[in-house]
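K.L.:
Right, I'll just put the structure down here and ask away after.
Coordinate-derived values only; no laboratory data. This is a predicted model, so every value here is computed, not measured. Cβ: placed from backbone, ideal geometry, glycine included. Neighbour counts: every protein chain shown.
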């Protein structure tokens, strides 16, 4: 799937906010994210991005009409995660890592913005 830079940024940020909310045990991930320093936010984004971005890039190519979000089946997401997970650890550790990464990718995909029509882009004359 070819995502735009903006879509990838939104997806990784949403997943990082989810991790920050769980880690801080606060009511909302947004609250936890706002209370973090910029350096802590960077560390969260870097860690989550290294887990989520390879999976997002490994997802199959689908045609996404303008005005909709890309949707993937559970089997497509699990297959992409398994492809990028690599080898290491025992069966239980691999199973837990697979489940955690699938949940993280689903959180990222849920927050993808609606695909915009590039032909409908209006540039003002002042630019």
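K.L.:
For a quick protection proxy, order the peptides 40-50, 61-71 by their average other-Cβ count within 10 Å, most packed first.
P.N.:
Details: 40-50: 15.3, 61-71: 10.9.
Ranking, from highest mean packing down: 40-50, 61-71.
K.L.:
Here's a follow-up. Sorted by average packing, counted as other Cβ atoms within 10 angstrom per residue and highest first, what order do 9-16, 51-58, 30-37 take?
P.N.:
Numbers: 9-16: 21.0, 51-58: 19.4, 30-37: 14.2.
Taking the mean over residues of other Cβ atoms within 10 Å, the ranking is 9-16, 51-58, 30-37.
K.L.:
How far is helix 5-24 tilted, in degrees, relative to the longest principal axis of the Cα atoms in the chain, given as a value from 0 to 90 rounded to the nearest 10?
P.N.:
40 degrees
K.L.:
Hey, another quick one. Mind pulling the angle between the C-alpha long axis of helix 74-85 and the longest principal axis of the chain? Nearest 10 degrees, somewhere in 0 to 90.
P.N.:
Compared with the principal axis, the helix lies near 70 degrees.
K.L.:
Give the relative contact order (percent, whole number) for segment 5-112; include only Cα pairs under 8 Å separated by 6+ residues. Write down the numbers at each step before the final one.
P.N.:
Working: 91 pairs, mean separation 40.9, N = 108.
Rounded, it is 38 percent for segment 5-112.
K.L.:
Taking the Cα-to-Cβ direction at residue 68 and at residue 42 and moving 7 Å from each Cα, how far apart do the two end points lie in nm?
P.N.:
4.0 nm
K.L.:
How much length would be gained if the chain were fully extended between residue 76 and residue 31, taking 0.36 nm per residue of separation minus their Cα-Cα distance, in nm to one decimal? All intermediate terms of the calculation are to be shown ahead of the outcome.
P.N.:
Details: separation 45, 0.36 × 45 = 16.20 nm, distance 3.20 nm.
13.0 nm is the gain from fully extending residue 76 to residue 31.
K.L.:
Using only Cα atoms, find the angle between the long axis of helix 91-110 and the longest principal axis of the chain, and express it within 0 to 90 degrees, rounded to the nearest 10.
P.N.:
Between helix and principal axis, roughly 20 degrees.
K.L.:
Summing -39500 (n - 2.57) over the DSSP H runs of n ≥ 4 in the chain and dividing by its residue number, what mean residue ellipticity at 222 nm do you reach, to the nearest 500 deg cm²/dmol? Don't skip to the end; give the middle numbers.
P.N.:
Details: 5 runs with 80 residues, N = 127.
Helix contribution divided over all residues of the chain: -21000 deg cm²/dmol.
K.L.:
Let me ask another. Using a simple spin-label model with points 7 Å from Cα along the Cα→Cβ vector, what separation in nm is obtained for residue 23 and residue 116?
P.N.:
Result: 3.1 nm between the two label points.
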